[in-house]
Structures are given as C-alpha cells and as structure tokens.
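Structure first, then comments.
The values are calculated or read from the model by the stated rules, or taken from the named source; none is laboratory data. Just so it is clear, the model here is predicted, and its values are computed rather than measured. Cβ placement follows ideal geometry from the backbone for every residue including glycine, while neighbour counts extend to all protein chains displayed.
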Amino acid sequence: METPPEPAVWLPTIRANTGADVFTTRLCSALNAAGIRAEITWLPHRAEVMPWTVAALPPPAWANVAHVNSWLPQRFWPRHLPIVVTVHHLVHDPAYAPYRSAAQAIYHRSIILPRERAAIHDAAAVTTVSEYVRGTVIEFAGRDDTLSIPNWVDSTRFIPIPTASERVPPPFRLLIAGSASRRKGIDLLPSFAAALGTGFQIRFAGSDTPNILGPGNVVMLGRISDEALLHEYQHCDAVVSLSRYEGFGYTALEAMACGKPFFGFDGSGLAEVMRHNSHCLAPLEDVVGLATRCRNLLADHQLTRQICMQGRVQATTHFSEHTAIRSYLDTYRMAMSINR
C-alpha cells in the first residue's frame with residue numbers, strides 16, 4: 001500500500017496587521033520547525049477589498065494543501081489543492097454587532113458575509129481558534145464538522161524572568177496590549193484608570209496613535225516591535241485587557257506564558273483561555289470590578305505567586321505548540337484524503 005505524502009502547506013495570506021497575521025506567521029514557523037515544508041505568500045491589503053486588482057498567483061509546485069483565512073477571496077484559492085480554512089472570530093456573531101461602526105456593518109454584510117459563508121461551505125476542512133468561535137461558525141453556516149484548535153504560544157520565548165531585584169517601589173505596572181478600538185475597550189481606559197486610583201501605572205501598547213487622551217497614570221507607548229512588546233510583558237506586574245469581544249485572547253496566553261497575572265472581562269473566547277483562573281475575570285464592562293481585582297493582587301503576594309504559577313502551567317500544557325501543530329497536521333491529512 002502506497003504511503004500518503006506528508007503535508008506541504010502553502011499559506012496565501014492578506015497582510016492585515018492583525019492577530020490573523022500573527023497566527024499565520026507562527027503557524028508557518030512551527031510547521032517548518034516540525035519538519036513540514038510551509039511557506040507564506042503575503043498579499044497586499046487591497047486584495048481583501050478589491051481582489052480584482054491583485055494577480056492570483058499559482059501555488060508552489062511542491063505544495064499539496066493550502067491553508068487560508070476565511071476572509072480570503074476565492075480568487076486566490078488554488079483550484080487543484082485541498083483547502084483548509086481558519087476562522088479567527090466571526091464578525092456575523094450577534095454578540096459582535098455592538099462593537100462595529102455602521103460602515104463596518106455594511107461592509108461585513110455585503111462583502112464578507114457571502115465570501116465567508118462560501119469559504120466555510122467549500123473548504124475541505126474548517127478550523128477555529130476556540131470552542132466559542134466554533135459555536136458561532138456552526139450557528140452561522142451549519143458546518144458541524146468544524147474543528148477547534150486553540151492558538152498557542154512559544155513557551156521558550158515567552159518565559160518568566162526575575163524582575164524583583166531591578167524593581168523600585170510603586171507604581172504597580174499594568175500592561176494593556178491591543179488596538180485603539182471600541183471592541184478592544186479603548187473608550188473604557190479613562191474610567192478604568194480612574195477606578196484604579198493611586199499606585200498604578202498603565203502602559204498601553206499597540207496603538208498607532210500614541211496621543212490618545214488618558215489620565216496621568218497612563219503611558220501611551222504607540223505601536224512597538226515584537227521584541228519591545230515581549231520586554232513589556234516580562235517587566236510589568238500584570239497584564240489587563242479591556243476588550244469586550246475576543247475570538248481567542250492572545251494577550252492572556254502571552255501574559256500567562258511570561259508568568260504574569262492577567263485580568264479582563266468574562267465572555268467570548270477569552271474565558272476559555274482563563275478557565276483555570278476565572279476569578280480574574282470581571283463582568284463585561286465592569287471597570288470598577290476589574291480595578292478591584294488588580295488592587296487585590298497588589299495587596300496579596302501569595303495570591304500573585306499562585307496565579308503566576310497556574311498561568312504558566314496552563315500556557316505550556318493546554319496551549320502548547322506541539323499539540324496545535326499535531327492537530328493541524330491531522331487536519332491537513334484529512335483534507336488531502338478527501339481531495340483525492
């Protein structure tokens with residue numbers, strides 16, 4: 001009996017400067033590290049909005065499976081390869097609706113909805129980054145064989161480092177990493193900073209507009225490099241998210257891998273990442289409750305150590321690169337067998 005070939009993965013991807021880019025880059029790197037040939041072809045952002053203005057490139061001759069984002073127009077799908085589609089978060093989820101503008105709602109409904117429905121229907125296999133997103137995809141498109149493969153973090157890079165020796169007395173440093181959008185809770189930042197009171201400094205990384213108004217205890221770092229962000233993770237006291245809706249929750253996982261406490265709002269995909277420490281999650285938009293949890297942490301060193309240890313274990317065992325890549329390889333092989 002002939003041995004089936006190992007997957008060789010082509011990743012045609014629109015560069016959007018979002019978490020989907022991070023996912024694709026990490027996936028490609030992890031596949032190559034596992035001995036699987038994989039390569040990204042980056043497409044300009046206009047390929048999403050005006051796909052007809054970008055040439056559809058043929059896949060590499062060595063590729064035998066393609067892995068794409070659910071927003072990629074089928075113009076860029078290779079016709080003779082099995083397609084695996086990943087959904088990062090479903091903008092058609094009713095729970096997402098309050099956090100988009102009227103223009104975004106029109107764009108999502110008129111352009112993305114039919115494109116994404118067709119992608120989910122036509123793919124040989126569909127994956128999501130959390131069980132929450134899987135549920136929204138099944139509700140949206142009725143595809144019951146959708147697979148949930150959680151995101152992961154490189155636990156050899158995102159590691160705890162000793163910081164006590166270099167620390168000076170307060171302020172207690174909180175890191176927020178994310179875009180300056182309503183979904184990410186940028187409008188909640190002033191009230192959260194005020195609820196914290198004295199003794200805290202919030203360092204906000206990830207916004208292209210560092211001059212967003214904020215109280216005096218907020219430092220706007222602007223968009224920073226990956227290495228600078230890792231430094232912020234490792235040298236803060238805790239990580240906070242004001243996000244109202246997440247398909248997964250990269251910041252929570254990266255904080256946990258670095259041995260830092262994480263605090264955010266309960267719900268969507270973030271709750272899955274924090275299942276082991278649900279007491280660190282406040283009800284949605286409860287900035288006072290979130291601030292109270294941060295102050296409790298400052299006052300209880302034993303609780304801090306416990307949260308840090310639990311988070312690191314959770315990040316390295318339940319969200320490991322090895323487990324995720326093994327699941328993707330199984331998915332590729334399944335897609336290849338369907339396409340024969």
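One residue alone among Ser268, Ser327 is in the same structural domain as Leu147 (by TED's automatic domain parsing) and under 19 Å from the mean Cα position of the chain (by Cα), and that residue is Ser327.
So is Ile112 in a helix (DSSP H, G or I), modelled with pLDDT of 95 or more and farther than 23 Å from Phe76 by Cα or not? Answer is no for this residue. Could you say whether any residue in the stretch 245-264 is more than 23 Å from Thr317 (Cα to Cα), touching a residue at least 60 places away in the same chain (Cβ under 8 Å) and not acidic (Asp, Glu)? For the stretch 245-264, residues more than 23 Å from Thr317 (Cα to Cα), touching a residue at least 60 places away in the same chain (Cβ under 8 Å) and not acidic (Asp, Glu): present.
Mind listing whichever residues of the stretch 137-160 are aromatic (Phe, Trp, Tyr) and modelled with pLDDT of 95 or more?
Passing the criteria: only Phe140.
Among the residues making up the stretch 295-321, those that are touching a residue at least 12 places away in the same chain (Cβ under 8 Å) and closer than 30 Å to Ala66 by Cα are Ala315, Thr316, His318, Phe319, Ser320, Glu321. For the stretch 224-340, the helices (runs of 4 or more DSSP H) that sit wholly inside it and include 2 or more residues that are within 19 Å of Ala20 (Cα to Cα) are 226-235, 250-257, 270-273, 321-338.
Check whether at least one residue in the stretch 62-79 is at pLDDT 95 or above, in a loop (DSSP other than H, G, I, E, B) and surrounded by fewer than 18 Cβ atoms within 10 Å (Cβ to Cβ), and report yes or no. The answer is yes; a qualifying residue exists.
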